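*Asks:* After the structure tokens below, expect a handful of questions from me.
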């Protein structure tokens with residue numbers, strides 16, 4: 001146990017040095033908010049991987065593999081092929097070309113001078129802020145599972161300590177610090193996650209032992225439909241987070257910080273490969289852990305227990321640091337995006353329009369403190385319900401993606417159509433969650449209704465000058481080619 005604490009302290013020392021170094025390099029609010037829009041390919045790839053590779057999916061999602069075998073591979077790994085390829089092919093380059101700072105600012109550029117532009121911008125700010133304010137609590141909940149098993153620390157005490165550490169680290173240099181920490185996390189992840197699989201393989205006796213604890217159908221990649229979490233659930237989750245990421249402020253913030261659009265695009269392709277491979281390794285390790293611990297009451301503890309029982313003290317310390325960094329980097333990433341929304345889309349727009357960089361950095365740190373406190377309180381509530389909490393949070397944010405995609409590929413789509421898309425999707429999803437519909441009746445139908453009402457309202461208001469969308473400057477900037485928009489100005493499904 002002493003070795004673990006020594007390694008944790010050494011690890012914290014490294015993070016503090018990274019934080020101080022980025023603080024010294026920070027010259028302006030753009031550095032604090034967007035790392036000076038100067039993030040290169042390696043750093044951007046590292047920060048994208050670390051921002052996604054989180055303890056909520058690692059601990060909560062991997063528990064699906066413990067219970068349902070290769071269903072967990074679909075649910076936790078394979079779906080990300082679609083999630084991030086869609087992002088790379090639809091919005092990565094276009095976001096960077098627009099030179100925006102937040103997702104809500106996208107609607108400013110697209111619906112410039114339309115009467116409803118301020119409304120859709122405000123709605124998108126509130127919805128994206130809703131996720132970024134609450135989601136870190138689920139990451140904290142995942143971290144407390146790791147801490148309680150590997151360090152034997154009381155979950156509440158561990159939560160307080162972690163939030164305090166994250167706050168001290170993130171309050172210094174904003175996104176510059178977050179990217180520096182993410183690069184450290186990325187390197188640790190590349191070393192640590194394969195190590196966990198190696199430990200699981202040796203402890204379980206190899207992949208052949210999986211047949212002892214899983215039915216044959218749960219060892220095949222063929223779709224399984226008759227389990228509590230099944231292929232349909234995985235596909236629904238995949239659809240949901242595809243739209244979530246298109247509207248995700250923490251991913252958008254990193255893409256906006258890229259040196260140029262090509263780096264943004266290439267980094268997202270590399271991110272796709274790393275995320276799918278790394279989560280695939282986690283799923284295999286978790287499946288093997290069931291051979292070793294066949295009757296766990298709480299499957300979320302499977303990986304921490306495996307490390308605690310079968311790794312040497314030094315390896316335990318290293319993997320503890322890796323898993324802590326996984327959660328810390330993602331939590332700081334989402335905190336920073338929440339602060340960016342508050343400062344850029346609320347404070348600077350509505351109550352402190354003419355304030356300079358110094359004020360913006362100061363107010364960013366104040367809101368970072370408030371978000372940290374809320375994360376602590378909510379994180380304690382989410383313990384034991386990690387993955388379900390993310391499911392509901394992602395449903396609402398995903399509805400912001402519908403008007404983003406429709407407005408990119410349909411020139412006539414206007415602010416009223418965007419408002420209708422967003423409101424109808426949100427109302428339906430809220431009702432679906434309240435009456436406890438299965439998830440495959442919430443997100444997919446919510447998306448469909450959002451698209452239908454967006455089209456109908458746009459067609460009904462297309463000739464109204466107040467809502468007429470004719471933003472040629474926007475389409476020239478994002479580089480949408482004419483062949484991508486059919487003659488009657490309706491979107492096509494097979495656009496490149």
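The values are calculated or read from the model by the stated rules, or taken from the named source; none is laboratory data. What you are looking at is a predicted structure, and each value in this text was computed from that prediction instead of being measured. Glycine also receives a Cβ, built like all others from the backbone with ideal geometry; neighbour counts cover every protein chain displayed.
*Asks:* Does residue 193 satisfy the criteria of being in contact (Cβ under 8 Å) with a residue 24 or more places away in the chain, surrounded by 15 or more Cβ atoms within 10 Å (Cβ to Cβ) and more than 20 Å from the chain's Cα centre (by Cα)?
*Replies:* no
*Asks:* Still on this structure: How many residues, within region 445-455, are surrounded by 15 or more Cβ atoms within 10 Å (Cβ to Cβ) and either in contact (Cβ under 8 Å) with a residue 60 or more places away in the chain or closer than 10 Å to residue 424 by Cβ (or both)?
*Replies:* Count: 7.
*Asks:* Take the residues of region 210-224 that are in a helix (DSSP H, G or I) and surrounded by fewer than 17 Cβ atoms within 10 Å (Cβ to Cβ): which is nearest to the chain's Cα centre (by Cα)?
*Replies:* Only one residue tops the list, namely 219.
*Asks:* Mind checking which residues of region 429-460 are assigned to a helix (DSSP H, G or I) and modelled with pLDDT under 90?
*Replies:* 429, 430, 432, 433, 434, 439, 440, 441, 443
Each row is one residue, and each column tells you yes or no for (1) out of contact with any helix residue (DSSP H, G or I) (no Cβ under 8 Å at 6 or more places or on another chain); (2) modelled with pLDDT of 90 or more; (3) assigned to a helix (DSSP H, G or I); (4) surrounded by 16 or more Cβ atoms within 10 Å (Cβ to Cβ).
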| position | (1), (2), (3), (4) |
| --- | --- |
| 363 | no, yes, yes, yes |
| 367 | no, yes, yes, yes |
| 375 | no, no, yes, yes |
| 379 | no, no, yes, yes |
| 384 | no, no, no, no |
| 387 | no, no, yes, yes |
| 391 | no, no, yes, yes |
| 396 | no, no, yes, yes |
| 402 | no, yes, yes, yes |
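*Asks:* Could you tell me which residue of region 54-71 is farthest from residue 293 (Cα to Cα), considering only residues that are outside any helix (DSSP H, G or I) and modelled with pLDDT of 80 or more?
*Replies:* Within region 54-71, the match that is farthest from residue 293 (Cα to Cα) is 70.
*Asks:* Output yes when any residue across region 244-260 is in contact with a strand residue (DSSP E or B) (Cβ under 6 Å, 6 or more places away or on another chain), buried (at least 20 other Cβ atoms within 10 Å of the Cβ) and either in contact (Cβ under 8 Å) with a residue 12 or more places away in the chain or not in a helix (DSSP H, G or I) (or both), and no when none is.
*Replies:* yes
*Asks:* Looking at (1) outside any helix (DSSP H, G or I); (2) at pLDDT 90 or above, which one does residue 295 not meet, given that it meets all the others?
*Replies:* (2)
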